[in-house]
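The values are calculated or read from the model by the stated rules, or taken from the named source; none is laboratory data. All values derive from a computational prediction rather than experimental measurement. FYI the Cβ positions are ideal-geometry reconstructions off the backbone, even for glycines, and counts take in every protein chain you see. Just so you know, the surface numbers come from the protein's heavy atoms only, side chains and all, with ligands and any DNA or RNA stripped out. Shrake-Rupley method; radii C 1.70, N 1.55, O 1.52, S 1.80 Å.
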Amino acid sequence: MTEWVGRRSRLLLALGAALVLVASAGPEDAPPPAADPDATPDAFTAAHSALLAPFTTRAFHIDPQGQLDDGAVVLSFSPRAGDGVARGPQRIAYEARWLPIVRWTRYAGGVRYQFEAVALPLDAPRESVLVSSIQVRVANMGSVPATASLDLALSYPLERRTFVAFDRSLADSTASFVMPGVRQGRAWTDAAPAAGEAHWNAQLAPNESRGVRVVLSTYTLDAKALRAWARTGHAARVAESRRYWAKQLEPAVRFHLNDPETEAALKAAWVVLLSCRERCGGQVVPIGGPFHYRDVRLREGARAISALAVSGFTTEAMELANGLTSVQWPDGAFLSQRGQLDGVGQAPWAFAEAALRRAPDTSGVQTMAASAVAAWRWCERGRAIGRATGWSGGTLLPVADARDNELIRAQLVGNDAWALAGYTAAARLTRAAGWSVVADSIELSRAAYLTDFNAALTRSGSPDVPPSWQGRGRDWGNLAVAWPCRVLGADDPRMARLAARMWARAKGAGLTMYAGSDMRHGYAGAELGTWALLARRRAEADAVLASLLHWRSASGAGCELFTMAGDPGDDLPPHPGSAAALVAQVRNSLVFDDGDTLRLALGARDAWWKGGRVQGLPTRFGTIDLALNSTDAAVEAAWTPVSVWSELALPRGRRLAGPVTSPLVAGPGGLSVLAPPGIARVRVTTTKLQAPR
């Protein structure tokens, strides 16, 4: 009896201690149960993932075999059970499809190998070094004992690589595991290491499991430093990774949309956009992707800056905008790649996207304005020279070969559209800086440039918007003419015909974005999604969003290019362009501020209307919150008051049931309601449309 009482007391004490631990754990300290990675959706035929972080000069690609590759050294795993070699993983997934805690599973007969990996940058000033912790849990799922083994190898492949680290050198070829007598190493493991290899094996009884751990760095480190990093256990590194990413995402707008897929997709996009930043010469610059081109490309960088700015990362966006000044030439032009003249407008557009959504903070506006004015003057000098020739096309940007997807040497329509977007941005920036005379001059010159643009459209003979003024080439920059360039209005019939032509081809490929004869593109053409919102074509806009949400990996990342079958090939995810496109489409579906009216809920989905909330969203009119509610008979919305008119679009398939009460005004067709400045709450009765738009 005494023994039973003692056991019962010890049990109660242990249970009480466990309850105290659970009660003291915060929500971020209590991780969700690990989901089966093979159950995570993945739109692509080959499994890929990435371990990455801001300001690290290398990242780890996890390939379809579960190997880690930083562009210089590959860490490979060869799991076996008896004579059977494990097959490759079916999926390689992030936790919750956005958080970079990566999991994948391999099977060899009845033995299961579960991999979990995280990566963290070393503390400054060595934050360019990324170190990963990989835990392999080996379990015998069979009913009889099994022999399991795992071979690890560090290699420096000399054959063709999918991607190569720009700073790869022969020093990487001596990559080694840390072991007695080795002063420097690339990796550490609790298996049995021997130079660049390590081996582990075990006899496992039925249902028995054991673990193997590996620590891998993107650069060779002192052996003591690697051992010290490894002394912190894998579970602790996973918890540290959760805290790290929670900290990184702290500035983000809070989206509560009753739509877990979209909310997770936004977080996955922010992880990519924040990670595609590097330090260069004392500045922070955007890069074209961890496995694509770790240099500045205005085409991707400008969109990334905009996406971060509208997501709440205004400080990060301004840092990147300042970084773009590194690719401004002494004559004022912006050029990051030879022949890509659209950068002369993309950079000023990015400046305005970042600097004008930080009210009341106006620091940096004058610097951005001065840079944008220099770009405007470069354009105007070129237009003056062209005008003097008497040639009708002389006032447009010159012939160029962008060496990108346009596939033509010509005067590209997208170059002029983006230049005009740069003029708009320069006028906004100079007015915000208090330089009203300069702003007036820019606006006058923009009007003249727009006249020349429209005249060229008429001369082209195209029923929509051609890719080049010579009519040839692949549609590319011309897809941005309505938005973000704002050269043609949403109601311009040319835009409707351009969209119809693009979507007729794309829908046949299973997406409403861009499809070529043999390839799909992960974000080109997504600008037409915002055009559709502005044109009140809700079904098409939602189809673009659906495509952006669908074409993502199990890590939540989109590609740039992939085959019609869904194979990214060497064009590895993630890509900041697709991340930025998704952010823009979601944000513009809820709040659009690129005009003189704050437009709300242009593309809000039905689930978003069921109590959806957005908190802390930066706009040109100040930071706002938004709340949406609807029933079968009424719609209610509330937002932070602004100094301009606001237009609330009603849910898709609904219109006003009758007149609205002053000072509210019914929108076109009764599909929206307008509120004057200072009014920030609307409740109206609605009825169903016979044919939802």
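Key figures
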| item | result |
| --- | --- |
| Residue list for the stretch 381-406, filter: in contact with a strand residue (DSSP E or B) (Cβ under 8 Å, 6 or more places away or on another chain) and touching a residue at least 40 places away in the same chain (Cβ under 8 Å) | 397, 400, 401, 402, 405, 406 |
| Answer from 537, 552 - the residue that is within 14 Å of residue 46 (Cα to Cα) and among the charged types (D, E, K, R) | 552 |
| Number of the exception - residue 84 against (1) in contact with a Cys (Cβ under 9 Å, 6 or more places away or on another chain); (2) open to solvent by 10 Å² or more (accessible area, probe 1.4 Å) | (1) |
| Residue list for the stretch 524-539, filter: touching a Ser or Thr at 6+ places or on another chain (Cβ under 9 Å), on the phi < 0 side of the Ramachandran plot and at pLDDT below 95 | 526 |
| Any hit, the stretch 477-500, residues being crowded, with 22+ Cβ neighbours inside 10 Å, of a type in the set (A, V, I, L, M), over 28 Å from residue 351 (Cβ atoms) and in contact (Cβ under 8 Å) with a residue 24 or more places away in the chain | yes |
| Matching residues, the stretch 230-241, being under 30 Å from the mean Cα position of the chain (by Cα) and either open to solvent by 40 Å² or more (accessible area, probe 1.4 Å) or within 19 Å of residue 190 (Cβ to Cβ) (or both) | 234, 235, 236, 237, 238, 240 |
| Every residue from the stretch 395-425 that is of a type in the set (Phe, Trp, Tyr) and either closer than 17 Å to residue 466 by Cα or surrounded by fewer than 24 Cβ atoms within 10 Å (Cβ to Cβ) (or both) | 418 |
| Hey, residue 542 in contact (Cβ under 8 Å) with a residue 12 or more places away in the chain, surrounded by fewer than 22 Cβ atoms within 10 Å (Cβ to Cβ), in a helix (DSSP H, G or I) and acidic (Asp, Glu) or not | yes |
| Checking residue 521 against (1) open to solvent by less than 30 Å² (accessible area, probe 1.4 Å); (2) touching a Ser or Thr at 6+ places or on another chain (Cβ under 8 Å); (3) under 20 Å from residue 583 (Cβ atoms), the condition it does not meet | (2) |
| Subset of the stretch 344-364 that is in a loop (DSSP other than H, G, I, E, B) and of a type outside the set (Asp, Glu) - its residue that is most open to solvent (accessible area, probe 1.4 Å) | 360 |
| Criterion: out of contact with any Leu (no Cβ under 6 Å at 6 or more places or on another chain), modelled with pLDDT under 95 and open to solvent by 10 Å² or more (accessible area, probe 1.4 Å) - qualifying residue of 279, 210 | 279 |
| Test set (1) among the hydroxyl-bearing types (Ser, Thr, Tyr); (2) modelled with pLDDT of 95 or more; (3) open to solvent by 10 Å² or more (accessible area, probe 1.4 Å) - residue 392 fails condition number | (2) |
| Residue ID - surrounded by the most Cβ atoms within 10 Å (Cβ to Cβ), chosen from residues in the stretch 600-620 that are free of Cβ contacts under 8 Å to residues at least 60 places away in the same chain and farther than 19 Å from residue 657 by Cα | 604 |
| Only one of 112, 97 that is free of Cβ contacts under 8 Å to residues at least 60 places away in the same chain, charged (D, E, K, R) and buried (at least 19 other Cβ atoms within 10 Å of the Cβ) | 112 |
